[in-house]
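Below is one structure, written out as structure tokens; comments come after it.
FYI, it's all coordinate maths here, none of it is from the lab. Only a predicted model underlies this, so the values are computations on that prediction, with no experimental measurement involved. Here the Cβ positions follow ideal geometry from the backbone for every residue, glycine too, while neighbour counts run over all protein chains shown.
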Amino acid sequence: MGRLGRFSSRRRKCVNKDAAANIEAEGENQEAERCKDGSPSAYLNLDQDAEAEEVAPEVCETISEPSRRGKRGPNKMPKSRTLINELDELGEPVDPVGVMGPYKSTCGVMVKDNIPIKYRVWSAKDKIWAVPESLKDICWDKLKEKYIFPEGSEEVAKKRALFIMSNSFGGWKGDLFRGHVQKGTQPDWKYFPNQQQYWDEFVSFKLSKPQQALSEKNKVDSSQDDNPHRTGRGYLRKIPEWEQQQEQLIQSGVTLQMGGILAL
């Protein structure tokens with residue numbers, strides 16, 4: 001390399017050193033300024049000042065909207081089969097804990113899949129508009145395909161299951177009336193394909209004068225109820241858990257107090 005080449009190389013090195021020194025000095029000055037005003041970024045950025053100056057972060061102002069809970073879809077038939085270990089005195093499953101919720105949902109699915117909405121009542125002396133016993137037996141047989149009951153308990157289990165289905169049938173028809181008949185709409189028949197053929201008959205009955213008069217009477221009776229029943233039987237599923245927690249507290253030396261009475 002000639003003298004001119006070595007001189008150019010030394011000159012470039014000097015320029016680079018000077019530029020680096022200037023950048024470092026500028027960074028120290030900025031650091032000192034931040035320390036003067038007490039900015040917390042002095043403790044967060046440290047040796048990244050040069051890069052932070054070259055690429056300024058883009059600040060975007062966003063307005064977050066409250067998240068909306070999606071509309072709940074219809075209940076579905078369980079895919080697996082569940083073993084019920086114990087029934088209560090009414091015939092409802094209590095063991096395993098938590099089984100009652102899915103059990104009732106399955107009863108509702110049985111009704112929607114197998115009981116036409118053209119039937120006006122679950123049971124009545126007038127058999128024309130009452131759900132036939134043959135359809136109730138179909139629902140019970142399908143329920144046994146999803147749940148295994150304790151030996152010797154099928155009679156009480158069936159009686160209670162049909163009672164749950166009767167409530168589900170009445171409640172569902174009420175939902176259809178309020179949610180669709182009164183609004184002049186129809187359900188999404190992809191969920192209830194077996195019921196579409198009975199829709200017109202159902203609407204005609206619900207809008208008939210006798211049924212409208214009965215509906216108004218029920219509204220009046222409901223408004224006069226000063227102490228409506230609002231509790232369910234779900235607390236039964238929590239009793240074993242509460243008893244276990246109570247026993248643990250007692251074993252640890254805690255004296256329980258209930259309603260002003262000491263639990264010894």
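Some points to look at:
- Sites V97 and D225 - FRET efficiency at Förster radius 30 Å, r taken between beta-carbons, to 0.05: 0.35
- By the beta-carbon count within 10 Å of each Cβ, the least crowded to most crowded order of I148, I128, I138, I117, fewest first, is I128, I148, I138, I117.
- Backbone N within segment 144-171 under 15 Å of label point (7 Å from A130 Cα along the Cβ vector): 163, 166
- Checking the Cα-Cα distances for K112/K136; K104/K146; K159/K190; K112/K183; K76/K144 against a 23 Å cut-off, the pairs over it are K159/K190.
- Remark: spin-label model distance A213-Q246 equals 5.2 nm, labels positioned 7 Å along the Cα→Cβ axis.
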